[in-house]
Amino acid sequence: GIGADNDLYINQAIVFIEDAIQYRSINHRVDSRSLWLYRWYYSRTCQWILSLTITVILALAFIEKPSSLTITSDVRYRVPAWNPPCGLTESIELLCFLVFVVDVSVKSYLIGWEEFWKNKWLMAYILTLIVSLTDWIVSLSFFCTEHVRIRRILRPFFLLQNSSMMKKTLKSINSTLPEMASVVLLLAVHLSLFTMFAMLLFARTKDGQQDKEWVRYFRNLPDSLTSLLVLLTTANNPDVMIPAYSKNRAYSIFFILFTVLGNLFLMNLLTAIIYNQFRGYLLKSVQSSLFRRRLGIRAAFEVLSSLKETHANAQESHVSTGALLRVLHKVEMDSRCKQAIMRSLKMCSCDKLSAAQFQKLFEEVDKDAIKQHPPSPEYQSHFMQKMQFAFGHPYFGYLGNVVALANIVSICVVLVLDADKQPSERDDFFLGAINCFFIPYYLLEMLLKILAMGLKRYWSYPSNRFDGLLTVILLVLEIATFAVYGFPHPGWRPEFMGLLSLWDMVRLVNMLIVFRFLRIIPNMKFMALVVTTLLDLVKNLRAFAGILVVVFYAFALTGIMLFKGAVTSFYIKKVVVLSSKEKYDFMALFGDFQAEIFYCLLYLLCVNLICRWAKVYFVAWWLISSVIWVNLFVALLLENFIHKWDRRCHRESLSDIEYQRTVELMFRDVLEEPTEEELMEKLHQHPHLQLCR
């Protein structure tokens with residue numbers, strides 16, 4: 001009936017608006033049952049369960065054999081790690097796989113089979129699940145004794161496919177690869193030519209004493225190529241040139257030319273190309289996101305204009321404000337945006353909205369999130385007004401910064417004086433006495449600021465929250481120190497009591513004091529700009545960090561499978577010019593998943609190549625992490641900073657308003673609005689929605 005149709009149109013509009021807010025595609029089933037399933041799937045509970053499942057399956061690598069559940073990774077000191085019995089982690093894996101099977105089934109059903117066959121990500125999702133389940137069955141059939149587990153390397157895919165921004169980023173990187181490949185090829189030519197020059201220049205001579213360069217670095221083609229590749233990363237500079245330079249100073253010209261051409265020109269050229277190309281592709285990606293948002297809003301307008309309401313003989317489609325209000329009450333969106341749209345709707349005197357008016361209402365979603373600080377309290381007393389003026393003035397904050405600097409300097413002086421003393425000779429009195437003066441001042445400063453600004457206004461500033469929280473922690477630690485060890489006095493070195501020794505508690509307090517000194521950042525305009533740029537990267541460019549996690553994870557597990565045991569046996573059989581400690585340290589690199597990530601791959605991110613047989617693995621890691629990924633991060637850092645700088649130059653600073661940015665808003669000024677024809681053409685191509693016009 002008419003009522004059922006109207007309810008369906010309302011529900012369709014709700015889903016389309018939610019799709020627009022989240023930049024989701026509207027190409028999904030739109031019947032009543034499918035809409036209920038769609039909203040259930042994208043509900044917070046379901047998405048939380050899916051995120052938890054992805055986290056759990058990725059975290060299994062830390063407890064699976066070889067387990068990372070030891071305090072130290074040093075093979076000399078660590079106790080045997082607890083390895084879970086066969087079937088425990090496999091059971092958890094199976095539960096995760098079942099969640100993923102439900103996930104892919106729901107997604108496939110909602111988009112329809114025609115769209116399913118066009119969706120490469122869903123096809124890859126199903127293939128990954130099939131391979132993982134097959135490998136899981138093989139693992140159980142061998143009673144978990146097999147060393148190669150393909151499904152472990154495939155796990156990061158589940159993280160990748162669940163993030164639309166990560167998929168867009170990966171697509172952008174993929175589109176940029178041809179331009180990157182041209183510079184990488186140029187780098188390869190550069191390396192090859194200089195390798196040939198080096199082998200000719202440092203060839204073996206009759207005098208063995210003069211052949212140190214040949215013996216150490218250029219004995220054969222693989223060694224020569226490796227030596228120059230590592231020099232390109234500056235990891236073996238100046239070691240690689242010292243034997244040749246000792247023999248003849250003129251040899252330095254070869255290394256200078258190689259470094260200048262490789263590092264200063266080609267590597268920076270790669271950064272420039274990546275910045276230029278990747279910015280263009282990211283812009284296209286953000287443009288498509290804007291199109292999705294406008295399309296979702298327009299789809300909501302079209303279905304609402306189809307409502308069976310009275311007197312709808314107008315030439316143009318319209319939506320009644322009452323219908324839109326019904327939709328807005330049920331839509332899940334940011335309360336700030338919802339209230340702003342409702343306010344605009346009440347201010348509008350018309351009963352019906354055209355397509356342009358409807359679209360304009362929802363432009364509120366695109367705007368910067370603006371945070372206004374609560375007002376300061378209004379005191380009646382003249383004395384309190386003077387107090388408020390004095391302690392609310394910026395100069396009072398500057399005084400606090402000077403006191404914090406004095407605290408840092410005094411700590412530095414004491415640390416320098418005590419640097420060479422034995423623990424038994426050290427006197428903790430001075431650091432304790434310093435803290436007795438400065439921490440009460442910090443508490444007094446915080447209370448006076450609250451008095452001047454009011455608690456709500458004080459707490460609304462992130463810098464004040466940071467400062468106040470650290471002050472309270474410092475006060476609690478100081479009271480705990482006095483309660484356990486008494487007040488400071490000369491020769492203050494009591495015996496160990498409680499959870500921490502006196503020295504540990506004093507060190508903890510002083511580390512927090514040093515950390516608290518970061519409060520000066522908001523007072524230094526340029527430094528604040530740099531820090532907010534970095535914070536924006538952390539908040540808004542999580543997709544890049546996610547892909548980096550994917551790469552780390554896959555390489556770490558590949559390294560464990562390739563080199564587990566092989567590295568240890570290699571160094572037991574060979575006599576290597578390493579100290580005993582260095583040998584054990586290196587043997588620990590591939591011991592388990594955590595050691596692989598934190599010691600090996602992070603170390604190689606800055607780059608040191610180790611084993612001859614592992615060169616392909618390490619060079620691939622260096623190319624992906626240091627050459628490509630670091631340059632991508634630099635490109636995005638530049639992009640974000642330039643946009644922030646432009647806004648800083650064109651906008652007056654507003655003391656009571658804080659602006660926040662999203663990736664989409666970085667490009668807001670250069671994005672093009674889709675035309676009416678483009679939107680309607682796309683809507684008519686919808687596989688499940690039949691429009692009345």
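The set of residues from the range 351-377 being loosely packed, with under 11 Cβ neighbours inside 10 Å and modelled with pLDDT under 85 comprises D351, Q372.
Each row is one residue, and each column tells you yes or no for (1) under 30 Å from Q12 (Cα atoms); (2) without any contact (Cβ under 8 Å) to a residue 24 or more places away in the chain; (3) not assigned by the TED database to the domain that holds T558.
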| residue | (1), (2), (3) |
| --- | --- |
| I57 | no, no, yes |
| S67 | no, no, yes |
| N83 | no, yes, yes |
| S91 | no, yes, yes |
| V99 | yes, no, yes |
| I137 | no, yes, yes |
| R151 | no, no, yes |
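Test each condition in (1) among the hydroxyl-bearing types (S, T, Y); (2) part of a helix (DSSP H, G or I); (3) touching a helix residue (DSSP H, G or I) at 6+ places or on another chain (Cβ under 7 Å) for S68 and report the one that comes out false. Of everything listed in (1) among the hydroxyl-bearing types (S, T, Y); (2) part of a helix (DSSP H, G or I); (3) touching a helix residue (DSSP H, G or I) at 6+ places or on another chain (Cβ under 7 Å), S68 misses just condition (2). The residue that is surrounded by the most Cβ atoms within 10 Å (Cβ to Cβ), among those in the range 95-123 that are outside any loop (DSSP other than H, G, I, E, B) and of a type in the set (F, W, Y), is F100. The selection criterion, being open to solvent by 50 Å² or more (accessible area, probe 1.4 Å) and modelled with pLDDT of 95 or more, holds for I130.
Which residues, counting only those in the range 110-135, are touching a residue at least 60 places away in the same chain (Cβ under 8 Å) and of a type in the set (A, V, I, L, M, F, W, C)? Give the steps one after another, and end with the answer.
Start the filter on the range 110-135 by keeping residues that are touching a residue at least 60 places away in the same chain (Cβ under 8 Å), which leaves 110-112, 114-115.
Passing the criteria: L110, I111.
Scanning the range 154-174 for residues that are polar (S, T, N, Q), open to solvent by 40 Å² or more (accessible area, probe 1.4 Å) and part of a helix (DSSP H, G or I) turns up S164, N174.
Scanning the range 447-478 for residues that are open to solvent by 20 Å² or more (accessible area, probe 1.4 Å), modelled with pLDDT under 85 and either of a type in the set (D, E, K, R) or over 13 Å from L508 (Cα atoms) (or both) gives Y461, P462, S463, F466. Residues of the range 77-114 that are out of contact with any Leu (no Cβ under 9 Å at 6 or more places or on another chain) and more than 22 Å from V56 (Cα to Cα): Y77, R78, V79, P80, G112, W113, E114. Each residue in the range 310-347 was checked for being open to solvent by less than 40 Å² (accessible area, probe 1.4 Å) and at pLDDT below 80, and 1 of them qualify. Summed over the range 158-181, the residues that are touching a residue at least 24 places away in the same chain (Cβ under 8 Å) and either closer than 12 Å to Q277 by Cα or of a type outside the set (A, V, I, L, M) (or both) give a count of 15.
Yes/no per residue for (1) farther than 23 Å from H373 by Cα; (2) in contact with a Lys or Arg (Cβ under 7 Å, 6 or more places away or on another chain):
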position	(1), (2)
G432	yes, no
F437	yes, no
E445	no, no
L448	no, no
S460	no, no
S463	no, yes
G468	no, no
I473	yes, no
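When L60 is tested against (1) loosely packed, with under 15 Cβ neighbours inside 10 Å; (2) outside any loop (DSSP other than H, G, I, E, B); (3) of a type in the set (A, V, I, L, M), just one condition goes unmet, and that condition is (1). Take V15 and decide whether it is within 30 Å of V303 (Cα to Cα) and crowded, with 19+ Cβ neighbours inside 10 Å. Against the criterion (within 30 Å of V303 (Cα to Cα) and crowded, with 19+ Cβ neighbours inside 10 Å), V15 qualifies.
Looking across the range 418-442, just one residue is at pLDDT 75 or above, surrounded by 15 or more Cβ atoms within 10 Å (Cβ to Cβ) and outside any helix (DSSP H, G or I), and that is D418. From the list I49, I92, the one residue that fits, being open to solvent by 20 Å² or more (accessible area, probe 1.4 Å), of a type outside the set (K, R), part of a helix (DSSP H, G or I) and under 24 Å from F142 (Cα atoms), is I92. Would you mind stating whether Q380 is in contact with a strand residue (DSSP E or B) (Cβ under 8 Å, 6 or more places away or on another chain), open to solvent by 30 Å² or more (accessible area, probe 1.4 Å) and of a type outside the set (D, E, K, R)? So Q380 does not fit the description; no. Looking only at the range 124-151, which residues are in contact with a helix residue (DSSP H, G or I) (Cβ under 8 Å, 6 or more places away or on another chain), more than 18 Å from G546 (Cβ to Cβ) and part of a helix (DSSP H, G or I)? Residues satisfying the conditions are I126, L129, V131, S132, L133, D135, W136, S139, L140, I150, R151.
The values are calculated or read from the model by the stated rules, or taken from the named source; none is laboratory data. Note that this is a predicted model, so its numbers are computed, not measured. When we count neighbours, we look across all protein chains shown, and the Cβ atoms used for this are built from the backbone with ideal geometry, even at glycine. Each accessible area value is taken on the protein alone, full model and side chains, heavy atoms only, with ligands, DNA and RNA left out. Shrake-Rupley method; radii C 1.70, N 1.55, O 1.52, S 1.80 Å.
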